[in-house]
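The values are calculated or read from the model by the stated rules, or taken from the named source; none is laboratory data. Bear in mind that the values here come from a model prediction, so they are computed numbers and not experimental data. Cβ coordinates were reconstructed from backbone atoms using ideal geometry, including for glycine residues, and neighbour counts include every protein chain displayed. Accessible surface is based on the protein model in full, side chains and every heavy atom, while ligands, DNA and RNA are left aside. Shrake-Rupley method; radii C 1.70, N 1.55, O 1.52, S 1.80 Å.
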There are 2 protein chains.
Amino acid sequence: MAQSGNLFADIARVLEHEQFADLYAAPGIKIERIVSTGQATPPLQWLEQDWTEWVALLTGAAAIQLEGEPGPRTLEPGDWLLIPARKRHRVEWTDLSGATIWLAVHIGV
Amino acid sequence: MAQSGNLFADIARVLEHEQFADLYAAPGIKIERIVSTGQATPPLQWLEQDWTEWVALLTGAAAIQLEGEPGPRTLEPGDWLLIPARKRHRVEWTDLSGATIWLAVHIGV
């Protein structure tokens, strides 16, 4: 039986924390759904990882700051972004009014 | 400059053929957008590939038949499906009334 699911299903209406779900994982790759409901990277902190992340915003809205860029990039539905390994970045904000659904492909993880 | 784009942009209104765009490629992985506008796998033919494909339907509608399953699976927006390597499958139909946008992650390609 081939695995399947829906990217927009099983979203809690209010989430205290972000919701992470692995959709696929194999050596060197992980496909993950992330649901945010207003969470952001704490002030003065950066996210940094040893692998490449290709991430798309499917619903909602968010802004990501990449280190060295003049300001955050606002992301709307359909927007995708390649975050190179070891590129420091921050999620400045995510939509407070509903679910922001991300699809992240972690490469070389 | 980090690469970026939008999954819903640059869609031709009428396409004679499916439209393929590589969004990311590295050894062993390719992330691809596919836009279908009514295309299907020709009768009696199967698709078969040597790598795993994780595919999500983002807009539109389609049906995929996996060999050995009793009937095709109808896919709606958000539905994803893991097609194992060498699993024969067919796209039975895609929406004739507009664009069906797929996001495919080819793994081990």
Legend entry - Inter-copy spacing of A:E18 label points, which lie 7 Å from Cα along Cα→Cβ, given in nm from shortest upward: 3.2
Legend entry - Overall Cα dimensions of chain B, principal axis frame, Å, largest first: 48, 34, 23
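What is the local net charge at B:Q39, summed over the other residues whose Cβ is closer than 13 Å to its Cβ (Lys, Arg +1; Asp, Glu -1)? Walk me through the numbers on the way to the answer.
Values: positive: B:R90; negative: B:E16, B:E18, B:E92, B:D95.
Neighbourhood net charge equals -3.
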Inset, instruction - Compute the label-point distances linking A:R73 to its equivalents in the other copies; points lie 7 Å from Cα along Cα→Cβ; give nm, one decimal, shortest first. - result: 3.0
Inset, instruction - Apply the Karplus parameterisation 6.51 cos²θ - 1.76 cosθ + 1.60, with θ equal to phi minus 60°, to every residue of the range A:51-66 and state each ³J(HN,Hα) to the nearest whole Hz, in sequence, with x for glycine and proline. - result: 10, 6, 10, 9, 10, 10, 9, 9, 9, x, 7, 6, 9, 10, 9, 9
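What GluC sites (Glu not before Pro) in the range A:1-39 are in a loop by DSSP, with at most 11 other Cβ atoms within 10 Å of the Cβ? Each step should come with its number before you reach the end.
Details: sites: A:E16, A:E18, A:E32; in loops: A:E16, A:E18.
The qualifying sites are A:E16.
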Inset, instruction - Just the number, please: carbon plus sulfur as a percent of the accessible area of the range A:1-75, 1.4 Å probe, no ligands or DNA/RNA counted. - result: 54 percent
Legend entry - Longest segment of chain B lacking trypsin sites (Lys or Arg not before Pro) that sit in a DSSP loop with at most 12 other Cβ atoms within 10 Å: B:14-85
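What is the interface area between chains B and A, defined as buried accessible area summed over both chains with a 1.4 Å probe, reported in Å² to the nearest 100? Display every interim value, and only then the final one.
Values: alone 6790 and 6770 Å², together 10950 Å².
About 2600 Å² of accessible surface is lost on pairing.
Counting only other chains, and only Cβ atoms inside 10 Å, what mean value do you get across the residues of B:60-73? Kindly include the intermediate steps, with their values, before the conclusion.
Working: counts 0, 0, 0, 0, 2, 0, 3, 0, 2, 2, 0, 0, 0, 2.
Counting Cβ atoms of other protein chains within 10 Å of each residue's Cβ and averaging gives 1.
How high is the relative contact order of chain A, in percent, counting Cα pairs under 8 Å that sit 6 or more residues apart? Spell out each step's value before the answer.
Numbers: 254 pairs, mean separation 38.5, N = 109.
Relative contact order of chain A: 35 percent.
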Inset, instruction - Report, in whole Å, the centroid distance computed from the Cα atoms of the range A:1-39 and the range A:43-107. - result: 15 Å
Legend entry - Among A:G98, A:G68, A:G78: highest mean-square fluctuation, GNM of chain A, C-alpha pairs under 10 Å: A:G68
Inset, instruction - With label points built 7 Å along Cα→Cβ from the Cα atoms of B:L47 and B:F20, find their separation and express it in nm. - result: 1.0 nm
Legend entry - Amide hydrogen neighbours beyond the local backbone of A:D79, cut-off 5 Å, H modeled: A:L57, B:L7
